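I have placed the structure first, in the form of structure tokens, so that the comments after it can refer back to it.
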Amino acid sequence: MDITMQWIRTSWTKESRGGEAAARRNAAPVGFALPHAESGSAHVIRMHERDGFEPYDSWEDLRRVDVQLREADGRLRVLPRVQPLFALPPRSRRPPAVRLVPGQWVRWQLNYRFSSAAGIRGWSYWLDTFNIAYGAVNADVFLTAPTVSVDEQGPLR
């Protein structure tokens, strides 16, 4: 069965925690039209504060993306992994995996906050958005409302 994945990572520092920079960050899309898909690959989009949150896309092997995907009984089980384990905010209880039937898709969002090991630099942040469809889809699928939405974002302070 066809699995289509789009992984969007938005990265920023405290400079984008308020004002115009935060408005630009918050206006960043959570879904993009798909270019011609490469079989077995995830469409990866990176948006960084230093580039004004301009999207840059590439392709990554599905097996290298931190999402557990398992097909069984005509359904696709989806569960993003939380990596790295030392990242904040803490997640004591995670939502269960989502099971999709053909024609459905999920948008799953996770956020993180990091500090340098020595505490010399300030905090940095990122938001991962995983758009995952099961079955045949058109190029605009991730521009529509998802069948299932999981917001696993925690407080970043």
In region 42-78, the residues that are under 14 Å from Ile3 (Cα atoms) and either touching a Pro at 6+ places or on another chain (Cβ under 8 Å) or among the acidic types (Asp, Glu) (or both): His43, Glu60, Asp61, Val67, Gln68, Glu71, Gly74
Residues (of a type in the set (Phe, Trp, Tyr) and either buried (at least 16 other Cβ atoms within 10 Å of the Cβ) or at pLDDT 95 or above (or both)) located in region 79-112: Trp105, Trp108, Tyr112
Residue tally, condition part of a loop (DSSP other than H, G, I, E, B) and within 15 Å of the chain's Cα centre (by Cα), over region 1-32: 5
Condition broken by Ala72, with the remaining ones in (1) at pLDDT 90 or above; (2) surrounded by 13 or more Cβ atoms within 10 Å (Cβ to Cβ); (3) of a type in the set (A, V, I, L, M, F, W, C) satisfied: (2)
Residue within region 142-154 that is closer than 22 Å to Asp2 by Cα, charged (D, E, K, R) and at pLDDT 90 or above present: no
Qualifying positions in region 46-80 - touching a Ser or Thr at 6+ places or on another chain (Cβ under 8 Å), over 20 Å from Pro29 (Cα atoms) and outside any strand (DSSP E or B): Leu62
Ala27 vs. criteria in contact (Cβ under 8 Å) with a residue 40 or more places away in the chain and of a type outside the set (Phe, Trp, Tyr): no
Hey, Thr4 closer than 22 Å to Gln153 by Cβ and hydroxyl-bearing (Ser, Thr, Tyr) or not: no
Number of the exception - Ala42 against (1) outside any loop (DSSP other than H, G, I, E, B); (2) closer than 17 Å to Asp140 by Cβ: (2)
Positions within region 129-157 being assigned to a strand (DSSP E or B), more than 14 Å from the chain's Cα centre (by Cα) and loosely packed, with under 13 Cβ neighbours inside 10 Å, in sequence order: none
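The values are calculated or read from the model by the stated rules, or taken from the named source; none is laboratory data. Just so it is clear, the model here is predicted, and its values are computed rather than measured. Cβ coordinates were reconstructed from backbone atoms using ideal geometry, including for glycine residues, and neighbour counts include every protein chain displayed.
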